[in-house]
Structure formats: C-alpha cells, structure tokens
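Below is one structure, written out as structure tokens, with a few remarks after it.
The values are calculated or read from the model by the stated rules, or taken from the named source; none is laboratory data. Only a predicted model underlies this, so the values are computations on that prediction, with no experimental measurement involved. Cβ: placed from backbone, ideal geometry, glycine included. Neighbour counts: every protein chain shown. Note: accessible area is taken over every heavy atom of the protein model, side chains too, but ligands, DNA and RNA are not part of it. Shrake-Rupley method; radii C 1.70, N 1.55, O 1.52, S 1.80 Å.
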Amino acid sequence: MRKFIWGLLTVIFIGGLVFLSLNSSKTLMTSDSGKITEKQFINDVKKSSAGQQEFANMTINKVLDNQYGGNVSKADIQNAYDTQKAQYGDSFKSVLASNNATEDQFKTNIKNNLVMNAAIKANYKVTDKQINQAYKDYHQNITISMITAKDDNSAKQAIEALKSGDSWHTVYKKYTTEKTYAKQNGQLPSFDSTSTSVDSAVQEAAFKLSKPNDYSDSPITGSNGGFYVIQLNKTTTKPSLNNVRSKLSDKIVSTFLNDQKNTTKIQTIIGKILRKENVNVKDSQLKNALNSYMTAGISSSK
C-alpha cells in the first residue's frame with residue numbers, strides 16, 4: 001500500500017466526533033445483545049489512546065493555527081496538494097480510501113503540517129553553521145515535467161518511446177495516469193532542494209539532469225511506491241545565500257521535525273506555546289491527553 005508523502009495522514013477513524021453531543025442519548029446501534037448510544041461511544045473513544053491522541057492533535061492544531069496560521073497561504077496549501085496528488089496518479093483515491101481520509105482531510109493535514117513548520121521555525125533557533133551547511137547542499141530552482149506511470153514496465157516503455165524520437169507531449173499523453181497538470185504536459189511548479197512536497201527520489205533524479213529536454217533514462221521509483229519519468233524543462237542559477245536563507249531555515253526546521261530523535265525537543269516547544277495560550281483541559285477523561293506537552297521542559301528548566 002502506498003503511503004502519503006510527509007506521513008501526513010493517519011487513520012482518522014474518529015473524524016467528525018466533534019459534531020456529536022457529549023450528552024446525547026441518540027442510539028447508534030441496536031441488537032438483541034443491547035444498544036450503543038452516542039454518549040457511550042464517545043466516552044469509550046475519549047478513554048482510548050487513539051481518542052486521547054486525536055484530542056491532543058485537535059488542541060495543538062487549534063492553538064498553532066490561531067498563532068501561526070497567518071504564515072500559511074491558501075496557495076501554499078494548494079500547491080503542496082497538487083504536487084503530491086500528481087505523484088499518486090490514478091491510485092490517489094484508493095490511497096485516500098486506505099487511509100480513511102477525504103480530499104478535504106488531506107488538505108487539512110497539509111495545512112496542519114505547514115502551520116507546525118511555521119510554529120517550530122518561530123521557536124527554534126537555526127544556527128549559522130546549519131545555514132552554511134544547508135547552502136552547500138542546496139540545489140537551485142528547476143522546472144520539470146513528470147509522467148506518473150502505471151507501473152515499472154509502463155515507465156520503461158515511455159522512456160523507450162522518448163528514445164525512439166516521440167515527443168514528450170505524445171509520450172506523456174499515452175503513459176501518464178495523473179492529469180493534474182495535463183494542460184502543461186505534466187509540468188510541475190518549479191522547486192528546489194528545500195521542497196517538502198516533491199518526492200525525494202524525484203528530486204535526486206531531477207537534479208542530475210543537466211540541460212533542458214534531458215530526461216531520466218530509467219524509471220524513478222518514488223518513496224511512495226510510484227513510478228516516474230521526468231524531463232528537465234528549465235534550470236536557474238544558484239542564488240546567493242541571503243536570498244534563500246529563509247527557505248534554508250524552513251528546510252532545516254522540516255528536517256528537525258521529521259527526526260524522531262527530536263520528539264522531546266518538539267514537545268517542549270509545543271508545550272511552551274500551549275502554556276502561553278493558557279490551555280486548560282476541563283474534561284476529566286481527557287485531562288492527561290496533553291501531559292507530554294504541558295510538562296515537557298519544565299523539570300529540566302528548573
């Protein structure tokens with residue numbers, strides 16, 4: 001089963017519970033063995049580890065969105081959505097289904113990720129040493145077109161067609177399974193090595209292409225299990241460090257967030273934000289759901 005890039009989605013089996021009345025006696029199920037009411041269901045969910053985690057996520061997302069949501073535009077969300085969708089081809093809907101998610105939930109998770117990045121960036125000190133190293137590793141903006149093939153064999157056939165002299169337009173139209181950028185013959189928005197929405201395997205292959213119209217000479221297998229053929233359309237000159245300092249900081253923060261070794265540090269940052277916003281859990285069953293954040297860093301600071 002393909003997994004979402006960024007690890008954006010988890011199984012959202014309690015989506016929509018916020019709309020249910022906590023005191024409702026509405027019957028959800030009847031049987032000869034008895035019935036289940038909304039109140040019973042919600043009480044069980046609140047006590048479960050998944051329910052506790054979802055409550056923590058909802059609280060964190062609400063607070064961070066209020067504080068840092070203004071740093072994320074609708075265009076940022078849509079661009080990330082379109083780019084990731086293009087890498088799933090005709091399997092996108094089945095991947096959503098296997099994660100119990102809708103397209104709106106997928107977009108919401110993208111937004112939450114971007115807002116989380118903005119929050120951590122505002123509260124995590126990026127050093128000059130990190131910036132300098134990131135600049136050494138930095139690859140400037142390029143523009144590529146991409147065929148999302150059905151399988152490895154289809155990707156190989158597309159490459160052979162290109163080698164035989166068929167135009168990119170003809171090959172793209174025949175072999176791609178994803179049409180998000182069909183009007184542009186599969187051309188993605190430009191990206192550089194700080195991108196978090198373009199698959200790392202696609203980036204690596206793209207940065208190896210040297211001149212326009214060069215294309216990958218073997219299928220690219222993405223980290224999500226997809227198969228791709230790409231063509232370089234345009235490359236740019238590497239900008240100065242000062243011109244990309246902010247983007248490099250974003251990349252450093254994203255790497256920091258995705259490293260499990262930093263879990264405690266991340267909890268400490270989020271906990272500081274939650275305490276500043278006077279988060280106070282009123283429900284007795286959920287009072288411990290945020291403990292790992294609310295107490296993070298307190299004992300060490302003392």
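Numbers at a glance
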quantity: Spin-label pair ASP128/GLN105, simplified geometry with 7 Å Cα→Cβ offset, distance in nm; calculated: 4.8 nm
quantity: Relative contact order %, the stretch 62-219, counting alpha carbon pairs below 8 Å whose residues are six or more apart; calculated: 30 percent
quantity: Over the stretch 157-207: Rg over Rh, Cα atoms, Kirkwood Rh; calculated: 1.01
quantity: Cα gyration tensor category, rounded, prolate or oblate, for the stretch 73-206 with a/c compared to 1.5; calculated: oblate
quantity: Residue with peak Gaussian network fluctuation, the chain [Cα springs, cutoff 10 Å], from ILE36, ILE142, ILE269; calculated: ILE36
quantity: Accessible-area composition of the stretch 261-300, carbon plus sulfur, in percent [1.4 Å probe]; calculated: 47 percent
quantity: Whole-angstrom gap from the stretch 147-181 to the stretch 203-227, using each part's C-alpha centre; calculated: 13 Å
quantity: Percent accessible area from carbon and sulfur atoms, the stretch 107-258, protein chains only, probe 1.4 Å; calculated: 46 percent
quantity: Square roots of five times the Cα gyration tensor eigenvalues for the stretch 19-152, Å; calculated: 39, 24, 13
quantity: Average Cα contact separation per residue, the chain, under 8 Å, 6 or more apart, as relative contact order %; calculated: 21 percent
quantity: FRET E, pair LYS174, SER240, Förster distance 41 Å, beta-carbon r, rounded to 0.05; calculated: 0.45
quantity: Spread of Cα-to-Cα distances over 10 Å intervals beginning at zero, given as percent, for the stretch 21-82; calculated: 18, 27, 25, 20, 8, 1
quantity: Cα gyration tensor shape for the stretch 185-264, rounded if a/c is under 1.5, else prolate or oblate; calculated: oblate
quantity: Segment ASN280-THR263, length gained on full extension (0.36 nm per residue, minus Cα span); calculated: 3.9 nm
quantity: C-alpha center-to-center spacing [the stretch 77-141, the stretch 233-261] in angstrom; calculated: 13 Å
quantity: Taking the stretch 212-302 and dividing mean pair separation by its residue count, relative contact order in percent (alpha carbons under 8 Å, at least six apart); calculated: 19 percent
quantity: Helical mean residue ellipticity (222 nm; -39500 (n - 2.57) per DSSP H run of 4+; nearest 500) of the chain; calculated: -15000 deg cm²/dmol
quantity: Accessible surface, per residue, of the chain when the full set of protein chains is kept, probe 1.4 Å, Å²; calculated: 56 Å²
quantity: The stretch 128-135 - phi-based ³J(HN,Hα) in whole Hz, Karplus 6.51/-1.76/1.60, Gly and Pro as x; calculated: 4, 4, 5, 4, 4, 5, 5, 5
